[in-house]
Amino acid sequence: LLSYILSSPLSAPSLTDHERKAMALLSLGKNPYENGDHIQAILSKFDGSQFGEENLVNDDIFAIFPLIASGYGESDAEITASISFIVSKQRENGSWDGSVDMTSAAIQALALTPSLSTSEALLKARTFLVEAQGIDACFGNSSATSWALQAIAALNESPSGWEKSDRTPQDCLASAQASDGGLDEDLDVNSRIWA
């Protein structure tokens, strides 16, 4: 996997391409400043208040993960401003983009910066997830349930605390697993890999 990532250059990369590649390199214990300096590529898209496209929030959320993992902290202007921008995009119902996936990603980013007064935003986001969870304990499809499980972990909660009808969100994923080990047998292969 590392060999593939290192040997696959980004052609006409977007900000989120650099963010994904930096996160992949970090997860494999590699320096994201090497092999294309993805951290500098991310920082070059910071306009003083947010990263990338002003009408998007996902590029800001996904900038937080590799930057914090690369040594940036809550006192750095890029982090402080981006977190403020992310919080400003939260909807009244506690979500980002009305989506379990994006709300769960935002929860993970905000949980990394507890001193930036994100507790109210996290509480609203958690309430959104509670309301989005079905009576079967699932959050819609397996991808959304996976994202929600990551948010639950970021909130320092156990999936057992999200049990409904004697099922946890983990049970939802287990029930979506096919005999070949992948999830959601009826989806195309790329969607199954993502799930």
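Couple of notes before you dig in:
- Å² of accessible area per residue within region 42-84, as computed with a 1.4 Å probe and no ligands counted: 43 Å²
- For Leu155, distant residues with modelled amide H under 5 Å away: none
- Simple spin-label estimate for Asp47 and Val130 in nanometres, 7 Å along Cα-Cβ: 3.6 nm
- At q = 0.10, 0.13, 0.17, 0.19 Å⁻¹ the log10 of I(q)/I(0) for region 1-101 amounts to -0.28, -0.47, -0.76, -0.91, computed by Debye summation with a single uniform scatterer per C-alpha, solvent ignored.
- Value of Rg to Rh for the chain (Rh from inverse mean 1/r over Cα pairs, i.e. Kirkwood): 0.98
- The base-10 log of I(q)/I(0) for region 107-169, evaluated at q = 0.18, 0.22, 0.25, 0.28 Å⁻¹, reads -0.61, -0.86, -1.06, -1.24 [Debye formula, identical scatterers on Cα atoms, solvent excluded].
- Two-decimal log10 I(q)/I(0) for region 47-93, as the Debye equation yields it once each C-alpha is a single scatterer, q = 0.18, 0.19, 0.31 Å⁻¹: -0.49, -0.54, -1.21
- When only the Cβ of Lys, Arg, Asp and Glu is charged (+1, +1, -1, -1), the dipole of region 69-172 relative to its Cα centre reaches about 100 debye.
- In whole percents, the pair-distance distribution calculated for region 52-147 from its alpha-carbon pairs, binned every 5 Å from zero, is 2, 14, 26, 24, 18, 10, 4, 1, 0.
- Local electrostatic count at Thr103 - Lys and Arg +1, Asp and Glu -1, tallied over other residues with Cβ under 12 Å: +1
- Paramagnetic label reach from Glu185 (point 7 Å along Cα→Cβ; backbone nitrogen cut-off under 19 Å): within region 122-149, residues 141-143.
- Accessible-area composition of region 26-139, carbon plus sulfur, in percent [1.4 Å probe]: 48 percent
The values are calculated or read from the model by the stated rules, or taken from the named source; none is laboratory data. This one's a predicted model, so the numbers in the text were calculated from it and none came from an experiment. Using ideal geometry, Cβ is built from the backbone for each residue, glycine included, and neighbour counts are taken over all protein chains shown. Please note that ligands, DNA and RNA were not included when accessible areas were found on the heavy atoms of the full protein model with its side chains. Shrake-Rupley method; radii C 1.70, N 1.55, O 1.52, S 1.80 Å.
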